[in-house]
Amino acid sequence: MSLFAALYPSAAALDHLALALSGASAQESRRPDGAPLVRWTPPELWHVTVSFFGDVPDGSVPDLAAALGPVAGEAAPLSLRLRGAGVFDRRVLWVGVGGADADALRDLSAAVAEAAGDAGVRVDRRPRQRAHLTVARAAAGARQARRRARPGGRAPGAHADARTAGDPLAGPAAALSVYAGPDWTVSELHLVESASGDLPGDASGRRVYRTVEALPLSGGV
């Protein structure tokens, strides 16, 4: 199964973010035919990734959970908040994670990756310097829209705003750049499975997340 470790914001933090996104979505650009250029992440998939493990054999999952338990147990609950926004590679719109314990979150991420590696799980060890929550991705057709927005490449009748036509995530990112959500306390580290949630006849490739294990952050108590 495909697994990752994650934190989930509180219901109040998610509701606050949803309200902000309703305003930011008004800033997204569309194709001349009205088709969307932004694909918004469903709220049920909102999370903050701590470490990504990829495909893990079913038989290794109990060992992984057992390895992460002591790491979570030694970590104190974290005070975090969602704030700011940006875009990765013109494809992923994210809201940042700050708060009083942002540094402790980075330490937790490193400790989780180390424990998973010691348990024999291949870990994505790319540095996670910027904790974030993904809220949208550029939809199919966004790349073509960027090409049309380049000088000399704009199709007749295309939107005149090259900034948003060339980068459909730019408008929402600008609207969210000053976003600051409420503080929330993280009390659990989740080991999460990512699986296909396709219904019969549905080839959309949509994902569903299922918590395999919820591990309390108890500060060594």
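Data table
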read-out: Candidates ASP198, ASP161, filtered to the one that is at pLDDT below 55 and either surrounded by 12 or more Cβ atoms within 10 Å (Cβ to Cβ) or charged (D, E, K, R) (or both); value: ASP161
read-out: Single condition GLN144 does not satisfy, out of (1) open to solvent by 60 Å² or more (accessible area, probe 1.4 Å); (2) at pLDDT 70 or above; value: (2)
read-out: Flag for LEU93 being among the hydrophobic types (A, V, I, L, M, F, W, C), closer than 17 Å to VAL212 by Cβ and within 20 Å of the chain's Cα centre (by Cα); value: no
read-out: Strands (runs of 3 or more DSSP E) fully within segment 1-113 counting 3 or more residues that are of a type outside the set (Lys, Arg), within 16 Å of ARG130 (Cβ to Cβ) and open to solvent by less than 30 Å² (accessible area, probe 1.4 Å); value: 48-55, 78-88, 92-98
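The values are calculated or read from the model by the stated rules, or taken from the named source; none is laboratory data. Since we're looking at a predicted model, the values are computed, not measured. Cβ sites come from the backbone with ideal geometry, for glycine too, and all protein chains shown count toward neighbours. Accessible surface is based on the protein model in full, side chains and every heavy atom, while ligands, DNA and RNA are left aside. Shrake-Rupley method; radii C 1.70, N 1.55, O 1.52, S 1.80 Å.
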